[in-house]
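Structure first, then comments.
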Protein chains: 2
Amino acid sequence: MNNYKIVIQYDGGRYKGWQRQGNGDSSIQGKIENVLSEMTGSTVEIIGCSRTDAGVHAMSQIANFRISEQYSAKEVKNYLNKYLPHDISVIACSIEVDRFHARYNAKDKTYLYKIWNKEYTHPFMRKYSMHVEQKLNVAAMKQASSHFIGKHDFTAYSNAKSKKKSMVREIYAIHLEEEAGFLQIRVIGDGFLYNMVRKIVGTLIEVGSGRIKPDHISGIIESKKRDQTGPMAEAGGLYLEKVKF
Amino acid sequence: MNNYKIVIQYDGGRYKGWQRQGNGDSSIQGKIENVLSEMTGSTVEIIGCSRTDAGVHAMSQIANFRISEQYSAKEVKNYLNKYLPHDISVIACSIEVDRFHARYNAKDKTYLYKIWNKEYTHPFMRKYSMHVEQKLNVAAMKQASSHFIGKHDFTAYSNAKSKKKSMVREIYAIHLEEEAGFLQIRVIGDGFLYNMVRKIVGTLIEVGSGRIKPDHISGIIESKKRDQTGPMAEAGGLYLEKVKF
């Protein structure tokens with residue numbers, strides 16, 4: 001058996017998220033596993049680096065799986081691209097050392113959030129960004145974002161359904177960048193709780209709209225109360241952009 | 001009455017093209033006219049600068065219309081953006097001199113065609129570009145494109161249903177540019193026949209794939225035979241990008 005690594009790009013709009021559920025027809029993981037099982041004639045399980053939520057996109061999701069060494073990396077890539085739906089693409093495939101593990105070996109992850117900050121909608125990006133009509137105060141958002149940096153218990157920024165043992169995560173950096181009508185927010189960390197990035201961005205939007213003060217952020221984190229944050233930002237604006245190993 | 005000019009951006013994917021047909025529900029022009037008639041309480045007719053085909057997009061379509069001077073340009077823009085569907089946006093509105101005419105005053109038009117030239121699909125751009133798997137020979141396409149420049153009878157590059165009196169059009173320039181997996185083709189001219197840009201691009205793709213030789217282009221134009229050109233490139237890759245007045 002070889003250990004294959006794939007780099008996947010997808011439009012999450014039609015899917016219930018990365019993680020397989022039931023027969024897998026509504027998850028990205030399931031779609032890929034089904035094609036690989038079809039190719040090899042036996043059940044294949046793939047390990048994804050980051051479990052993106054329903055509707056969230058990926059520019060570079062990483063996964064690994066073990067299948068018979070009779071397949072070259074190029075054959076695997078071509079087969080997947082031939083049979084996967086057009087909103088999921090395998091942009092690279094390689095054979096890795098046996099101990100390579102897409103989840104355990106991931107060092108830091110970058111999520112990118114795109115806000116279209118104009119009074120009118122962006123016809124081509126309406127499914128790939130969140131439209132905020134009110135002009136956001138980016139300086140205040142930058143100030144607020146600094147309070148998320150570091151190791152914190154992010155219970156307030158988690159989903160109530162989350163069953164993780166530890167709610168502690170470390171955020172290394174948050175970058176805000178304005179470009180041609182878009183406000184792009186990059187959140188870099190060692191890992192994220194379910195819905196966490198969207199709750200952070202939702203809170204930053206509240207700050208940018210003047211409804212939450214930048215220096216209230218630390219208090220919200222410390223409160224561990226989920227009802228203190230801003231509402232979750234829309235799934236369609238979020239992308240898993242980069243993973244470092 | 002004031003003469004209003006609007007700059008419109010749209011995703012043409014859901015529409016039968018710019019031009020109103022019947023009750024207008026399936027055309028961009030019709031959608032805009034219906035909102036303006038709703039706003040003013042009387043029938044409004046708008047003049048578009050370029051009639052984009054079914055499925056073709058616009059980054060900057062220009063139109064003008066006359067309505068009561070009680071409305072400020074800002075009011076018109078806001079009303080349209082409030083009631084138009086999310087795939088049509090009015091990005092600017094101004095009041096012009098009475099003789100301004102979006103079609104007659106247009107000097108040159110730039111159409112942009114996006115080809116995604118990789119072996120796998122682009123999940124986010126699959127509806128906004130044409131996917132060509134085979135690596136295209138861009139040098140040959142550049143050579144071929146030079147033969148379209150100038151004033152020609154473009155019957156071969158028109159649609160058989162076209163009822164225009166004159167098939168003569170002038171192409172000022174064709175630019176090909178490779179960028180991050182995309183091949184972008186800009187065709188600049190004084191005007192275009194129905195389907196003409198898509199037939200030119202389709203022919204360039206045939207040249208890039210080695211099925212038509214660059215120096216056969218002039219002969220195809222001179223033949224005036226529609227079956228000599230390449231097949232029409234997909235509507236989803238085409239954008240009305242810019243209009244000069």
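The values are calculated or read from the model by the stated rules, or taken from the named source; none is laboratory data. On a predicted model such as this, the values are computed, not experimentally measured, just so you know. Reconstructed Cβ throughout: ideal geometry from the backbone, glycine too, with neighbour counts over all protein chains shown.
Brief remarks follow.
- Flag not set for B:S218, criterion: of a type in the set (S, T, Y), surrounded by fewer than 19 Cβ atoms within 10 Å (Cβ to Cβ) and in a loop (DSSP other than H, G, I, E, B).
- Some residue of the stretch B:63-75 being modelled with pLDDT under 95 and among the polar types (S, T, N, Q): yes
- Output for the stretch A:180-239, where each listed residue is basic (K, R), out of contact with any strand residue (DSSP E or B) (no Cβ under 8 Å at 6 or more places or on another chain) and more than 18 Å from A:H131 (Cβ to Cβ): A:K199, A:K213, A:K225, A:R226
- Taking the stretch B:85-127 as the range and being under 30 Å from B:N137 (Cα atoms) and hydroxyl-bearing (S, T, Y) as the test, the residues that pass are B:T110, B:Y111, B:Y113, B:Y120, B:T121.
- Tallying residues that are assigned to a helix (DSSP H, G or I), surrounded by fewer than 21 Cβ atoms within 10 Å (Cβ to Cβ) and of a type outside the set (A, V, I, L, M) within the stretch B:221-239 yields 6.
- Residue within the stretch B:60-75 that is closer than 28 Å to A:Y128 by Cα, within 14 Å of chain A (Cβ to nearest Cβ), among the charged types (D, E, K, R) and in contact (Cβ under 8 Å) with a residue 40 or more places away in the chain present: no
- Tally of residues being of a type outside the set (D, E) and touching a strand residue (DSSP E or B) at 6+ places or on another chain (Cβ under 6 Å) across the stretch B:66-99: 14
- Checked against (1) more than 14 Å from the chain's Cα centre (by Cα); (2) assigned to a loop (DSSP other than H, G, I, E, B); (3) within 22 Å of A:A54 (Cα to Cα), A:L193 passes all but a single condition, namely (1).
- Entry remark, the stretch B:1-22: residues being in a loop (DSSP other than H, G, I, E, B) and touching a residue at least 12 places away in the same chain (Cβ under 8 Å) number 8 in total.
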